[in-house]
1. crowded, with 18+ Cβ neighbours inside 10 Å, at pLDDT 95 or above, part of a helix (DSSP H, G or I) and touching an Asp or Glu at 6+ places or on another chain (Cβ under 7 Å): is that true of LEU24 in this structure?
2. So HIS45 passes all but one of these: (1) at pLDDT 95 or above; (2) more than 29 Å from GLY8 (Cα to Cα); (3) within 22 Å of the chain's Cα centre (by Cα). Which condition number does it fail?
3. Does at least one position in segment 119-130 carry a residue that is modelled with pLDDT under 95, surrounded by fewer than 24 Cβ atoms within 10 Å (Cβ to Cβ), over 14 Å from the mean Cα position of the chain (by Cα) and basic (Lys, Arg)?
4. Please work out which one of (1) without any contact (Cβ under 8 Å) to a residue 24 or more places away in the chain; (2) crowded, with 22+ Cβ neighbours inside 10 Å is the condition ASP184 fails and give its number.
5. If I filter segment 56-86 down to residues being of a type in the set (Val, Ile, Thr) and in a helix (DSSP H, G or I), which single residue comes out as farthest from GLY14 (Cα to Cα)?
6. Pairs, please: C-beta under 6 Å, at least 6 apart or cross-chain, first residue surrounded by fewer than 19 Cβ atoms within 10 Å (Cβ to Cβ) and in segment 274-288, second part of a loop (DSSP other than H, G, I, E, B)?
7. Of a type outside the set (Phe, Trp, Tyr), on the phi < 0 side of the Ramachandran plot and buried (at least 24 other Cβ atoms within 10 Å of the Cβ) - does that describe any residue in segment 32-40?
8. Failed condition for ALA53, given (1) surrounded by fewer than 24 Cβ atoms within 10 Å (Cβ to Cβ); (2) touching a residue at least 60 places away in the same chain (Cβ under 8 Å); (3) closer than 12 Å to GLY14 by Cα, with all others met?
Amino acid sequence: MPLVTVSGTPRECGVAYGAAAVDLIVANTANYLARFPFDTSYARHYGSLFREASHRYAPRVADMLDGVAEGSGVHVDEIYALNGRTELIYSEQPHECTAIGVLGEQTLLAQNWDWHPDQRPYALLLDTTDELGRRALALTEAGMLAKAGLNDAGLGVCVNMLGSKRDRRDGGAPYHVLLRAALDARHLGAAIKAVCGTPRGASINLLLGQAGAPGEVIDLEVAPDDVGFLHPVDGVLTHANHFETALSSIDTLKSFGGSSFFRAARARRLLGEGPGEERIKQVLRDHGGHPQSICRHDEPDAPEADRTESLYSLVMDLDERRMSIAAGPPCTAGEYYDVWLDKTD
């Protein structure tokens, strides 16, 4: 997996990122433009709406994305459409990712990132240090700024797709901009404020954690105009792709079904046998319900939009500021590779 390391103002970070990963960003943007259910002019239209909302509600994130467009030479509205790919393609049938949070001697977040297998070549690690010296490390897709990640303040985030009856293609900052805004926060309260205070058009689940003695973990089920909260039970918090709070009445997954309805519960049960980093990795390799298991495997004969597998698996120790990452599916990946925020060079 490529590691892109940049520093400076948000705009400077974006320009350097765009230039460093230009081939991947150009290819990834073209890939999604071909998958959108409309032509490029409509994609740019939605991208311009996403850009306007992002500058209004997450200006530093927007400055970085503007820089990505400049550095890569990709039209700025196409970069924002890329970052709104969830709103533009898959909002109705969420089927990706199992996330885990554990409180103990260390504060741990983990997840399998499940997505279409054709997207594996476009993944990268993005390491940014802004003009104030604040650093963040994120797993992401080329041209985007974050999925799962952690920062030097000991804050981390994992993500699951959700689908609600309120979702729409516009209406605020896109899913991946909201993720980056949370990751840029310096403490848990600020991350929650960034999530709750940013208008959005799509639903998203964020599992947030902050290191400390003791640390803390919280899950936010975010729909347009509403947010639900989940807290650890016996130090464990897990989530998949359906609503578990009172917002469940708007859950579109109830109309489709899927493995989400057992994956999070299974992860909680397996972690009850003794949560810890090695146990978390065992759970991320679990095949209960295979192939639509926590360790997800591609079904080549499935409809194209339904194909998905665990592209990458990661565990983050927020106290150590360490991300351990393995190419997926994790059952075949062998050892996890460790990346520390202070050692990525």
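The values are calculated or read from the model by the stated rules, or taken from the named source; none is laboratory data. Keep in mind that what you see is a predicted model, and the values were worked out from it rather than measured. Cβ coordinates were reconstructed from backbone atoms using ideal geometry, including for glycine residues, and neighbour counts include every protein chain displayed.
1. In short, no.
2. So the condition that HIS45 fails would be (3).
3. So far as segment 119-130 goes, yes, one or more of its residues are modelled with pLDDT under 95, surrounded by fewer than 24 Cβ atoms within 10 Å (Cβ to Cβ), over 14 Å from the mean Cα position of the chain (by Cα) and basic (Lys, Arg).
4. Only one criterion in (1) without any contact (Cβ under 8 Å) to a residue 24 or more places away in the chain; (2) crowded, with 22+ Cβ neighbours inside 10 Å is unmet by ASP184, namely (1).
5. The qualifying residue farthest from GLY14 (Cα to Cα) is THR86.
6. Final answer for the pair search is HIS287/SER293; HIS287/CYS295.
7. First, pick out the residues of segment 32-40 that are of a type outside the set (Phe, Trp, Tyr): 33-35, 37, 39-40.
In the following step, the residues that additionally are on the phi < 0 side of the Ramachandran plot were identified as 33-35, 37, 39-40.
Of the ones still in play, those that are also buried (at least 24 other Cβ atoms within 10 Å of the Cβ) are none.
Scanning segment 32-40, I find no residue that is of a type outside the set (Phe, Trp, Tyr), on the phi < 0 side of the Ramachandran plot and buried (at least 24 other Cβ atoms within 10 Å of the Cβ), so the answer is no.
8. ALA53 satisfies every listed condition except (3).
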